[in-house]
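Comments concern the structure below.
Bear in mind that the values in this text are calculations on the coordinates, not laboratory data. Here the structure is a predicted model, which means the values were calculated and not measured. No Cβ is skipped: glycine too gets one built from the backbone with ideal geometry, and neighbour counts run over all protein chains shown.
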Amino acid sequence: MIQPEAYADRPFLTVNDLAVAFPTEDGLVRAVDGVSFTLEKGKTLAIVGESGSGKSVTAQALMGLINRKAAQITGEIWLDGQELIAMPIDEVQELRGNEMAMIFQDPMSSLHPFYRIGDQITEAIKAHRSIGNSLARREALEMLRRVGIPAVERRIDAYPHQLSGGMRQRVMIAMALINSPQLLIADEPTTALDVTVQAQIIELIQSLQAEFGTTVILITHDLGIVADVADEVVVMYGARIVERAPTRALYDRPEMPYTLGLLSSIPRMDREPTKRLEPIRGNPPSPIKLPKGCVFQPRCNYFERVPGGRCFTERPEFLESEPGHFVRCHIPHEEREQIAQDVIQTLSTTSVSV
Amino acid sequence: MFAYLVRRVIGMVLLLFLLSVAVFFLFNMLPGDPARLTCGKACTPSIIEANRHRLGLDEPVVTQYTKFLSGIFVGRTFSPDSPEPIRCDAPCLGYSFTRHEEVLSIIARAAPVTFWLAIGAFIIWIVTGISLGIFAALNRGRWPDRVVMGISLIFYSFPSFFLGLILIFFVIIRLQWLPFPSYVSPFDNPVQFLQTMIRPWLVLASLQAAFCIRRTRRQVLDAFSEDYVRTARAKGLPERVVVVKHALRAGLTPIVTAAGLDLAVLLGGAIIAENIFSLPGLGSLVVSSVTSSDLPLITGITLLTASIIIFANLVVDLLYAVVDPRVRVG
């Protein structure tokens, strides 16, 4: 356990050895296992991974949204000098929607169908501040206008089902930012939306981040949107972080074979049209029975390069391969670089641009 | 909203019309000759023939039906060419020749009994069903949940007539806790009314309450896993507000609909309960009218109960529009 004072000049957000496990009848589901990262104020971190990699559970653990009775949560989450995991739940509740806020994947189901959107936003204001009805409504109007909703005076009294998906996600963003939170967690904010709307939403999040100085964690399985937005990227696989790097470094010099696989499966305009997308074969591991060695080994094309079958028997450490670039892989550093360059070469005639 | 209401009422009238056609023709196809039943042992072919004419049964079915239908709106006169014509004023649902009484007045005498039976049972089952269902859901997986669910499973599995007979046996015959008075109106003698009704209420309510507990628990648990409940938590709302304003509000809405549909089950259950406890309600009336092939009475009761159920469904749908804005606008 690291003492609180050690965090005095630490980054705004520090997650240390976070683990979330759910006891079920089939066994213990390890949804998140030993996740650590830090995030400076005002920066953007992207957490990337496929379904079941533990990225959403990580986000919900940060927000204190995981039922403490139903799950075993260990590790430390330091937000602006306060540790959240050991914090009494009613104090966490004070922070939620106030210091930290969250946008969810599906705006269709994330707004309550029975209440007008204006009432849902003012409810968020009143949860944290004593403020009169008319003032709260004015704030809600202002924020709805700020997130780009047309004809706000009319829309504020609309029910969610009367709005389009993109509009609903804007309402979610307005609701999340209404109390000027320091940290905004966006859990796949564009996945359920049309492609044209996706870019608008990401742009909106970015401009609001610049305006309010918000620190952002963007959770996605889409490496395509990460490149423009994030300062740093964390790649999760099988409940763990397998690679972490500044965005540029991750795209230029990916090292973990899984990250390579993700990059190869993005459709690209600059790729030869005859080339097929390269999917990652196989399925993600069961969170109940994770492989003994490297969790990615069953789907890895390169494990034979590691002598002594260590990929089968030994969990790789999370090691720094260059400053700020951490990788969890048994393949030696030089060989990884070589593999990455080969893959990127075959991907496109031009080099992968960020 | 108004257009919706008009559309629904028109649909309701249409449905009732089709229903009356179905009921009327269906019962006309039943075996048994009502004309024969009017005279019993004294029957001779000529008496039967005379009675058939008196009852209007010698006319084509379609004519019989139109007479029946117009009787509802303007009244009608039975055996007009006999020395003692029977006048039946609108709304005339028919005349029972086995009981020598207007169908409507027979029903009017029996209906309050069933009404009180249904209302009491309904209140008991809705209150216990919803409250225990919520209680079980909030204690999910822990012992209070298991106890409630276990008991509800027992009641759920017993047929209500079995439960009723056990209740009569122990409470009245064995232990003699309660007297077994006959039915009186609650306005005449409230104490005796309660003494009579409490057992049928419990029997009728127990099975339905068991259903209701399970359904409520399921709905509430489903509501808790909704995304918008998570959003409510993410806003930093106190847990009490999350549960009551966000989860329960959404989770209990479908139960309103289900309660309306339960009314049909309730009227079916009333047949059994009234016969077990000898209550002179519609349920007993149905059984005796069927055993005596009293066609006008059967038709009348069927139409009446069907109208009640159709009307209850309309009320439920309108209620639903009040609680769920998605229904309102669409």
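When the chain is fully extended, how far beyond the present Cα-Cα distance does A:Asn301 get from A:Arg129, taking 0.36 nm per residue of separation?
56.5 nm
For the Cα atoms of chain A, what angle does the longest principal axis make with the long axis of helix A:117-126, in degrees from 0 to 90, nearest 10?
With both axes taken from Cα atoms, the answer is about 90 degrees.
How far is the Cα center of the range B:200-269 from the Cα center of the range A:279-349, in Å?
For the range B:200-269 versus the range A:279-349, the Cα centre distance is 49 Å.
Which one, A:Pro284, A:Pro316, A:Pro23, has the greatest fluctuation when you compute a Gaussian network model over chain A with C-alpha springs under 10 angstrom?
Judging by the Gaussian network model, the answer is A:Pro23.
Given H placed on each backbone N at 1.01 Å, which residues far from B:Gly75 in sequence or on other chains put an amide H within less than 5 Å of it?
HN-HN under 5 Å from B:Gly75: B:Ala90, B:Cys92.
Counting alpha carbon pairs within less than 8 Å and at least 6 residues apart, what relative contact order, in whole percent, applies to the range B:28-173?
Numbers: 99 pairs, mean separation 15.3, N = 146.
Once normalised by length, the contact order is 10 percent.
For A:Val29, which sequence-distant residues (separation of 5 or more, or a different chain) have an amide H within less than 5 Å of its own amide H, given hydrogens modelled in the peptide plane?
Excluding prolines and chain starts, which carry no amide H, the hits are A:Phe22, A:Thr24.
Which Cys residues of chain B have no other Cys Cβ less than 4.7 Å away and so no disulfide-compatible partner by this rule?
Those would be B:Cys212, since no other cysteine Cβ in chain B comes under 4.7 Å of theirs.
Using only the Cα atoms of the range B:108-329, each taken as one equal point scatterer with no solvent, compute I(q) by the Debye sum, divide by I(0), and report log10 of the ratio at q = 0.16 Å⁻¹.
The computed values of log10 I(q)/I(0) come out as -1.13.
Using 0.36 nm per residue of separation minus the Cα-Cα distance, give me the extension gain between B:Leu18 and B:Thr44 in nm, one decimal.
Values: separation 26, 0.36 × 26 = 9.36 nm, distance 3.71 nm.
Length gained between B:Leu18 and B:Thr44: 5.6 nm.
Rounded to the nearest 500, what is the 222 nm mean residue ellipticity of the protein assembly as shown from helices alone, with -39500 (n - 2.57) per DSSP H run of 4+ residues and division by all residues? Each step should come with its number before you reach the end.
On the way: 26 runs with 349 residues, N = 684.
Computed mean residue ellipticity for the protein assembly as shown: -16500 deg cm²/dmol.
Can you list the HN-Hα couplings for the range A:302-309, worked out from phi with the Karplus curve (6.51, -1.76, 1.60; θ = phi - 60°), rounded to whole Hz and with x for Gly and Pro?
Ordered by residue, 3J(HN,Hα) equals 10, 5, 5, 6, 8, x, x, x Hz.
Name the most mobile residue of A:Leu135, A:Leu144, A:Leu95, meaning the one with the largest mean-square fluctuation, in a Gaussian network model of chain A with Cα contacts below 10 Å.
For chain A, modelled as a Gaussian network with Cα springs under 10 Å, the answer is A:Leu135.
Using Cα-Cα distances under 8 Å and only pairs 6 or more residues apart, what relative contact order does chain A have, in percent? Spell out each step's value before the answer.
Working: 634 pairs, mean separation 64.7, N = 354.
This gives 18 percent for chain A.
Which loop chymotrypsin sites (Phe, Trp or Tyr not before Pro) in the range B:183-273, with loop taken from DSSP, have no more than 13 other Cβ atoms within 10 angstrom of their Cβ? Walk me through the numbers before you get to the answer.
Values: sites: B:Tyr183, B:Phe187, B:Phe193, B:Trp201, B:Phe211, B:Phe224, B:Tyr228; in loops: B:Tyr183, B:Phe187.
Filter output for the range B:183-273: B:Phe187.
With only alpha-carbon atoms counted, please give the Rg and Dmax of the range A:4-236, in Å.
17.6, 52
Using θ = phi - 60° and the Karplus relation 6.51 cos²θ - 1.76 cosθ + 1.60, list the HN-Hα couplings for the range A:36-50 in order, rounded to whole Hz, with x at every Gly or Pro.
Result, ordered by residue: 9, 6, 10, 8, 7, 4, x, 8, 10, 10, 9, 10, 10, x, 8 Hz.
Counting only pairs 8 or more places apart or on different chains, how many lysine pairs in the protein assembly as shown have C-alpha atoms closer than 30 Å?
20
Just need the relative contact order of chain B here, percent rounded to a whole number, with Cα pairs under 8 Å and 6+ apart.
Numbers: 369 pairs, mean separation 68.6, N = 330.
About 21 percent, as a whole number.
How large is ³J(HN,Hα), in whole Hz, for each residue of the range A:156-170 in order, when computed from phi with the Karplus curve 6.51 cos²θ - 1.76 cosθ + 1.60 and θ = phi - 60°, using x for Gly and Pro?
4, 9, 7, 8, x, 5, 8, 10, 6, x, x, 5, 5, 5, 5
Using alpha-carbon positions, what is the distance between the centroids of the range A:211-229 and the range A:60-116, in Å?
Using only Cα atoms, the two centres lie 19 Å from each other.
Which whole DSSP H helices in chain B pass both tests: a Cα extent of 24 Å or more along the axis and a mean Kyte-Doolittle value no lower than -0.5? Don't jump to the answer; show the numbers that get you there.
Details: long enough: B:2-28 (39 Å, 2.10); B:103-138 (50 Å, 2.02); B:190-224 (45 Å, 0.41); B:249-276 (39 Å, 1.31); B:295-323 (42 Å, 2.10).
Helix filter hits for chain B: B:2-28, B:103-138, B:190-224, B:249-276, B:295-323.
Given the options A:Asp222, A:Asp187, A:Asp119, which has the most mean-square fluctuation in a GNM of chain A, springs set between C-alpha atoms less than 10 angstrom apart?
Judging by the Gaussian network model, the answer is A:Asp119.
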